Every structure is written in structure tokens, then in C-alpha cells.
Amino acid sequence: MKITRLTTYTVPPRWLFLKIETDEGIVGWGEPIVEGRAESVAAAVAELGDYLVGKDPRLVEDHWSVLYRAGFYRGGPIHMSALAGIDQALWDIKGKALGVPVHALLGGQVRERIRVYSWIGGDRPADTAHAAQEVVARGFTAVKMNGTEELQFVDSYAKIDAAVANVAAVREAVGPDIGIGVDFHGRVHKPMAKILAKALEPYRLMFIEEPVLSENAEALRDIREHTSIPIALGERLYSRWDFKRVLHDGFVDIIQPDPSHSGGITETRKIAAMAEAYDVAVALHCPLGPIALAANLQLDAVSYNAFIQEQSLGIHYNESNDILDYLARPEVFAYRDGYVDIPQGPGLGIEINEEYVIERAKAGHRWRNPVWRHADGSVAEW
Ligand SMILES: [Mg+2]
């Protein structure tokens with residue numbers, strides 16, 4: 001079997017899909033995307049694709065190694081996301097060629113389903129308590145929300161109070177047993193992060209996420225002295241080598257690699273295994289499309305330390321299209337009792353509605369994250 005062509009489709013709301021074709025008619029799909037950089041990743045896929053055309057798609061590990069190591073310069077969001085989508089598509093082809101799901105090729109599933117959480121509120125958390133009640137009524141047992149609006153390096157206690165009041169309202173609304181993740185979104189800097197983390201302690205959170213930016217992870221040593229809430233991060237780390245330092249430092253409790261950013265199924269599997277050796281849990285990051293979610297579920301199936309899965313159904317970004325729109329059989333992602341079943345179809349376990357992908361690619365998108373500014377006019381972390 002030989003790879004004949006790689007085609008990318010820029011589709012709303014903010015995604016990039018990759019189709020890899022073979023001379024035997026088997027087609028694999030991947031989702032190589034960094035949100036806001038779709039065209040850059042598509043260009044990287046095209047560059048990496050030059051090597052792949054004419055090669056046997058089933059040599060997934062070797063292709064990963066070549067596309068990572070043989071380019072001299074490596075790593076970072078663009079390269080690793082391009083590699084991620086290619087890797088997902090190659091696994092999809094391999095599973096379809098053998099008539100088995102990807103997880104069967106990775107040792108077989110260790111669980112039948114995985115708990116999922118739903119986003120509540122938008123970029124600026126407001127009316128989150130009502131939104132939390134709605135998703136709990138739909139069967140979710142866990143939610144995630146943004147913790148704060150923009151915060152200066154040193155900001156007011158009024159903003160801390162507002163953030164805490166918001167979390168308190170959600171806890172009050174859903175009761176003691178619903179998991180609540182609070183995403184600081186890298187908006188909080190070290191001086192305020194320890195104040196906010198400490199103030200959130202009474203609300204028995206499932207985790208706080210990116211309490212500081214991952215590049216400032218040494219600050220977590222300070223922050224964890226002020227709270228026992230599990231600390232999560234990793235959506236902006238891209239490889240085993242990026243995760244090596246945070247795992248070794250021992251300040252994180254949960255890692256959140258994104259299998260569309262961290263080198264695909266091949267690399268994220270290894271990152272999860274590294275974390276297991278540090279007794280660190282995995283909650284894969286996935287505010288993305290259906291192909292990414294399918295790849296995530298293949299990893300959840302085989303990663304013993306995975307405990308919950310992010311998914312984007314109804315997320316505030318999905319205005320023009322949502323994850324089920326591009327599937328021929330959307331029931332594959334039917335959530336029940338707060339869980340989603342591990343897909344059992346061949347490859348990634350989903351069927352893409354290619355006609356619809358082609359139609360929506362004509363509309364495309366130019367999604368960019370907003371630019372926020374502080375009261376003094378300086379730019380704020382979004
Ligand atoms: Mg996040």
C-alpha cells in the first residue's frame with residue numbers, strides 16, 4: 001500500500017481536516033490544527049507530505065520518527081500539530097486496512113467508556129451557574145469553566161472576589177458531587193495565581209488548569225503550597241521532551257496533552273505512559289472537531305491514567321458548525337450518564353461525511369482569538 005495524496009480542508013468553525021489517500025482506496029483522516037493558525041499548519045502538512053507520498057502508510061512509527069527527527073528543526077505548535085494530524089490519519093488507515101479500531105493495535109482497551117466534561121460559560125465567565133445546571137440536566141457529571149477575565153500581574157482583590165463568587169455559584173447550583181474544573185487559561189500571573197488558588201480551595205474543585213503559563217511552570221512550586229486542588233496543564237506542551245521537565249519537577253497532578261497538538265496518537269501515548277510513571281493523571285485536551293475527539297478516545301481506551309475527556313459539543317466557539325455535523329453516523333459520540341463509549345469501528349472509529357466537508361471548506365474560516373487589553377492599554381493574555 002502506498003500513500004498517493006494529502007489534502008487539507010479548512011472548515012468552520014475553526015478547524016483543519018486532513019485526508020490521506022492510498023493506492024488501495026483506503027482513506028485516513030486526521031485533524032492537524034492549532035487554533036488561529038490553520039493556514040500555517042496546512043503549509044507544514046504540505047511540507048511534511050512531500051516525504052510521505054509513495055511510502056507505505058502502515059509504518060507509522062518510522063514515519064513519525066522521520067518527520068520529527070529528519071527535519072533538523074523540530075517541535076513547537078505548528079510542526080507538532082501538523083505531525084499530529086498526519087499521525088492520526090496514518091493510524092486511521094492502518095486500522096481500516098486491518099479492520100480493527102486503533103486501540104486494538106495499541107494493546108486493546110482498558111476501559112469501555114470515559115467520563116466527559118462540558119464547557120460552561122464563554123471566554124468571560126458569566127451566568128455560569130445557570131449553564132452548569134443545564135449541562136448537568138443533560139447528564140454530564142463534570143464541567144469546566146474559565147476562572148477569570150483578564151488579570152494584570154498584580155490586580156485587585158475585587159477581581160479575585162468576582163472569580164470566587166462565580167465558582168461558588170456554580171458549586172451551589174450543581175451540588176457537591178459534580179466535578180468542576182477551573183481554567184485560569186494562562187491569564188493569571190504568579191503574584192495573583194497563588195491568591196486565587198488559595199481562595200478557591202473551599203469549593204473542592206476537580207482541578208485548576210494552567211494556573212500560570214506552562215513556560216512559567218517553576219512558579220507552580222509556590223502555588224501548590226497554597227492549595228491542595230490538583231493542578232493541571234499541558235495543552236501548550238507538544239512532545240515528550242516538553243513534558244519531561246514538568247513531570248520531573250513534580251508540581252503537576254494532571255497533564256492535558258492535546259493529541260492534535262502533541263504529535264498525534266503515537267506521541268501522546270508515550271507522554272501518557274511517562275506521566276503514569278510519575279503517578280500523574282491524564283485529561284486529554286480537545287476543544288476541537290470530531291476527528292480529534294475520535295483520536296482522543298483511542299488514547300483514552302489504552303491509557304490507564306486517563307480519567308476524563310474534554311469534548312467540544314456546544315462549546316462557545318462552535319457557532320457555525322459543531323462536532324456532529326461532519327459525521328456520517330453522529331451516534332458514535334452519543335453521551336450517556338456523563339460518559340462516552342470508546343468507538344469500536346475500524347481505524348479512528350468514525351465515518352466522515354466527505355461531501356459535507358468539501359462543501360463547508362468552500363466557506364472556510366479565518367478564526368482568530370480576540371485581542372484583549374488591560375485598562376491601561378497594555379495587551380492582556382487571552
Ligand atoms: Mg485550557
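Observations, loosely collected:
- Taking amide hydrogens as placed 1.01 Å from N in the peptide plane, the amide H of residue 282 sits under 5 Å from those of 255, 306, 307, each at least 5 positions away in sequence or on another chain.
- 5 angstrom amide H check on residue 118, placed H, neighbours 5+ away: 142, 143, 144
- 3J(HN,Hα) couplings calculated from phi for the stretch 284-289 with the Karplus curve 6.51 cos²θ - 1.76 cosθ + 1.60 (θ = phi - 60°) are, in sequence order, 4, 7, 7, x, 10, x Hz; Gly and Pro show x.
- Among the listed pairs 2/362; 159/198; 19/244; 190/244; 2/270, those beyond 20 Å (Cα-Cα): 2/362; 19/244; 190/244; 2/270
- All other residues whose Cβ lies under 10 angstrom from that of residue 303 are scored, Lys and Arg at +1 and Asp and Glu at -1, for a net of 0.
- Computed label-point distance, nm, for sites residue 152 and residue 363 using a 7 Å Cα→Cβ extension: 4.1
- Paramagnetic label reach from residue 58 (point 7 Å along Cα→Cβ; backbone nitrogen cut-off under 18 Å): within the stretch 311-354, residues 346-348.
- Summed residue charge, Cβ within 13 Å of residue 244's Cβ, Lys/Arg positive, Asp/Glu negative: 0
- Calculated FRET efficiency for the pair residue 218/residue 72, C-beta based, R₀ 30 Å, to 0.05: 0.55
- Degrees, to the nearest 10: 38-52 long Cα axis against longest axis of the chain: 30
- Once the Cα atoms are used to define both axes, helix 290-302 deviates from the longest principal axis of the chain by about 80 degrees.
- Each residue of the stretch 184-192 was assigned a 3J(HN,Hα) from its phi angle through the Karplus expression (A = 6.51, B = -1.76, C = 1.60, θ = phi - 60°), giving 6, 6, x, 7, 10, 9, 3, x, 8 Hz with x at Gly and Pro.
- Remark: the residue 324-residue 337 segment gains 2.8 nm on full extension, using 0.36 nm per residue and subtracting the alpha carbon distance.
- Dipole magnitude for the stretch 3-103: about 140 debye, using +1 per Lys or Arg Cβ and -1 per Asp or Glu Cβ, origin at the Cα centre.
- The chymotrypsin sites (Phe, Trp or Tyr not before Pro) of the stretch 1-97 that DSSP puts in a loop, and whose beta carbon has at most 11 other beta carbons within 10 Å, are 72, 73.
- Restricting the stretch 302-334 to chymotrypsin sites (Phe, Trp or Tyr not before Pro) that sit in a DSSP loop and have at most 14 other Cβ atoms within 10 Å of their own Cβ leaves 304.
- For residue 113, distant residues with modelled amide H under 5 Å away: 342
- For the pair residue 137 and residue 65, the difference between a 0.36 nm per residue extended length and the Cα-Cα distance amounts to 21.4 nm.
- Loop trypsin sites (Lys or Arg not before Pro), the stretch 293-367, which have at most 13 other Cβ atoms in a 10 Å radius of their Cβ (DSSP): 366
- Rounded tilt (10° steps) of 157-174 against the dominant C-alpha axis of the chain: 70
- About the centre of its Cα atoms, the stretch 237-314 shows a dipole size close to 220 debye [charges on the beta carbon of Lys, Arg (+1) and Asp, Glu (-1) only; nearest 20 debye].
- Antiparallel content of DSSP bridges confined to the stretch 107-344, in %, to 5: 20
- Label-to-label distance, nm, for residues given as residue 165 and residue 378 (7 Å Cα→Cβ offset): 2.7
- Additional length obtainable on full extension of the chain from residue 248 to residue 273, 0.36 nm per residue less Cα span: 7.6 nm
- Local charge for residue 96 was computed over the other residues whose Cβ lies under 11 Å away, with Lys and Arg +1 and Asp and Glu -1, and equals -1.
- Residues in the stretch 321-336 carry Karplus couplings, in order, of 9, 10, 5, 7, 4, 9, 9, 6, 10, x, 5, 4, 9, 5, 8, 9 Hz; the curve used is 6.51 cos²θ - 1.76 cosθ + 1.60 with θ = phi - 60°, and Gly or Pro positions show x.
We did not get these values from a lab; they are worked out from the coordinates using the rules stated. Remember, it's a predicted structure, so these values are computed and weren't measured experimentally. No Cβ is skipped: glycine too gets one built from the backbone with ideal geometry, and neighbour counts run over all protein chains shown.
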